[in-house]
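Enquirer: Before I ask anything, here is the structure I am working with.
The values are calculated or read from the model by the stated rules, or taken from the named source; none is laboratory data. The model shown is predicted, which means the values in this text are computed figures rather than measured ones. Methodologically, a virtual Cβ is constructed for each residue, glycine included, from the backbone with ideal geometry; neighbour enumeration extends over all protein chains shown. Just the protein is used for accessible areas: all its heavy atoms, side chains included, with ligands, DNA and RNA removed. Shrake-Rupley method; radii C 1.70, N 1.55, O 1.52, S 1.80 Å.
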Amino acid sequence: MTPAIEAEGLVKRFGDTVALDGVDLTVPAGKVLGLLGPNGAGKTTVVRILATLLRADAGRAAIGGHDVRTDAVAVRGLIGLTGQYASVDEDLTGRENLVLIGRLLNMAKAGARVRAGELLDRFELSDAGDRAVKTYSGGMRRRLDLAASLVGRPRVLFLDEPTTGLDPHARAEVWQIIRSLVADGATVLLTTQYLDEADHLADLITVIDRGQVIAAGRPDELKRRTGGQTLQVRPTQAGDLDTIGTILHELTGTRPNRDDTGLLTVPVDDPVLLSAVVRRLDDWGLTVDELSLRLPSLDDVFLALTGHRSSTGEPELVTEGSQK
């Protein structure tokens with residue numbers, strides 16, 4: 001079966017800066033690919049090339065079997081794109097925005113109005129459909145932006161950091177929308193800096209750094225590749241941090257990490273070690289508020305692959321010469 005998204009050896013340079021250096025991607029139809037990487041890794045550059053907004057200097061890419069360079073018109077008929085920042089007109093109503101996009105897609109006026117109404121209902125915006133977008137909350141604007149990308153019923157959807165800046169409730173709403181789109185048969189390429197988002201939504205993960213793919217596979221495969229489990233200990237008394245840290249070091253052979261909340265974490269290969277920790281803490285008369293073993297998270301994978309945790313801050317503004 002022809003992949004919904006396929007890229008081979010994508011290369012893109014901006015002056016002396018190499019934004020992409022031989023990126024390969026394959027996404028089967030009806031799946032979600034999480035494209036992860038730090039700021040400057042090349043994520044948005046990949047999306048712009050696949051969406052026919054930017055030409056690669058080398059390599060090839062296709063959407064539904066149509067080459068993005070030689071058959072760009074057909075590709076544009078298959079895709080929808082939601083960027084990091086809302087692209088709707090704030091002075092128009094939600095309904096007017098959707099009708100306008102429908103008309104630009106050569107829909108008849110009546111058909112565009114019907115499609116706008118369908119999408120307002122689907123995204124729970126019907127009550128606000130005739131209000132100016134500038135009166136919408138951040139979550140409502142993001143939902144409208146997603147609706148706008150679906151006016152043409154795309155088979156492939158590119159979501160470039162779609163939940164950046166949203167509160168947890170609004171993020172959860174967007175997650176549910178993405179799940180419903182995939183259930184209806186859409187293929188999604190999702191870039192995100194929230195690794196829990198990729199963990200919840202993605203069937204496949206590709207990690208890029210400095211313009212190159214450094215890992216790819218299912219989330220569980222990447223977690224197993226990181227190996228082992230993580231022991232977490234949070235002392236009841238902050239004054240016991242050093243003592244418990246020493247105990248963990250002695251038992252595991254690895255000096256534990258300590259975060260700002262007083263949580264000690266250390267990788268372990270043998271789950272039996274948890275019992276040894278409990279006995280040692282009891283021998284010393286030390287109490288803890290948290291003691292647990294957990295499997296690696298995507299954040300652990302990201303750390304192992306790139307050497308640092310993912311950034312959860314605001315993304316940088318992307319221009320044609322940047323290489324997010």
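Enquirer: Please give every one of the lysines within straight-line cross-link reach of K134, meaning a C-alpha to C-alpha distance under 25 Å, and leave out same-chain neighbours fewer than 8 residues apart.
Expert: The qualifying lysines are K109.
Enquirer: Next up: Per residue of the stretch 21-33, in order, report the coupling 6.51 cos²θ - 1.76 cosθ + 1.60 (Karplus, θ = phi - 60°) as ³J(HN,Hα) in whole Hz, putting x for Gly and Pro.
Expert: Whole-Hz 3J(HN,Hα) from phi for the stretch 21-33: 9, x, 7, 10, 9, 9, 10, x, 4, x, 10, 10, 9.
Enquirer: Another question, then. Determine the calculated [θ] at 222 nm for the chain from helices alone, applying -39500 (n - 2.57) to every DSSP H run no shorter than 4 residues and normalising by the residue count; nearest 500 deg cm²/dmol.
Expert: -10500 deg cm²/dmol
Enquirer: Which ³J(HN,Hα) values, rounded to whole Hz and listed in residue order, are derived for the stretch 283-289 from phi using the Karplus coefficients 6.51, -1.76 and 1.60 in 6.51 cos²θ - 1.76 cosθ + 1.60 with θ = phi - 60°, glycine and proline given as x?
Expert: Calculated HN-Hα couplings, in order: 4, 8, x, 9, 10, 10, 8 Hz.
Enquirer: Further question: Quick one: if you stick a label point 7 Å off each Cα along the C-beta vector at E221 and N257, how many nm between them?
Expert: Reported label-point gap for E221 and N257 is 2.5 nm.
Enquirer: So how strong a dipole does the chain carry about its Cα centre when Lys and Arg Cβ are +1 and Asp and Glu Cβ are -1, to the nearest 20 debye?
Expert: Around 1180 debye, computed over the chain.
Enquirer: In whole percent, how big is the carbon plus sulfur part of the accessible area of the chain, probe 1.4 Å, protein atoms only?
Expert: Ligands and nucleic acids excluded, carbon and sulfur reach 48 percent.
Enquirer: Using Cα positions and a limit of under 24 Å, work out the lysines in reach of K31, with same-chain residues fewer than 8 apart set aside.
Expert: Reachable lysines: K43, K223, K324.
Enquirer: Quick one: which residues, 5+ away or cross-chain, put their amide H under 5 Å from the amide H of D57? H built at 1.01 Å from N.
Expert: Result for D57 returns V11, K12, R13.
Enquirer: Could you work out the pair-distance distribution P(r) of the stretch 231-275 from its alpha-carbon pairs, with 10 angstrom bin width and percents rounded to whole numbers?
Expert: 30, 58, 12
Enquirer: Suppose all protein chains stay in the model; what accessible area per residue would a 1.4 Å probe give for the stretch 247-294, in Å²?
Expert: 65 Å²
Enquirer: A further question on this structure: Can you run phi through the Karplus equation (6.51, -1.76, 1.60; θ = phi - 60°) for the stretch 9-20 and list ³J(HN,Hα) in whole Hz, with x for Gly and Pro?
Expert: For the stretch 9-20, the Karplus-derived couplings read x, 5, 10, 9, 10, 10, x, 8, 8, 8, 7, 10 Hz, x marking Gly and Pro.
Enquirer: Among DSSP beta bridges lying fully in the chain, give the percent that are antiparallel, nearest 5.
Expert: That works out to approximately 65 percent antiparallel.
Enquirer: Now a separate question. So how far, in whole Å, is the C-alpha centre of the stretch 135-203 from the one of the stretch 213-288?
Expert: That distance is 35 Å.
Enquirer: Turning to a different aspect of this structure: Please calculate how many Å² of accessible area the stretch 83-231 carries per residue, with a 1.4 Å probe and no DNA, RNA or ligand atoms counted. All intermediate terms of the calculation are to be shown ahead of the outcome.
Expert: Working: 6770 Å² over 149 residues.
Per-residue value: 45 Å².
Enquirer: Among DSSP bridges having both ends in the stretch 66-220, what percentage is antiparallel? Round to the nearest 5.
Expert: 40 percent
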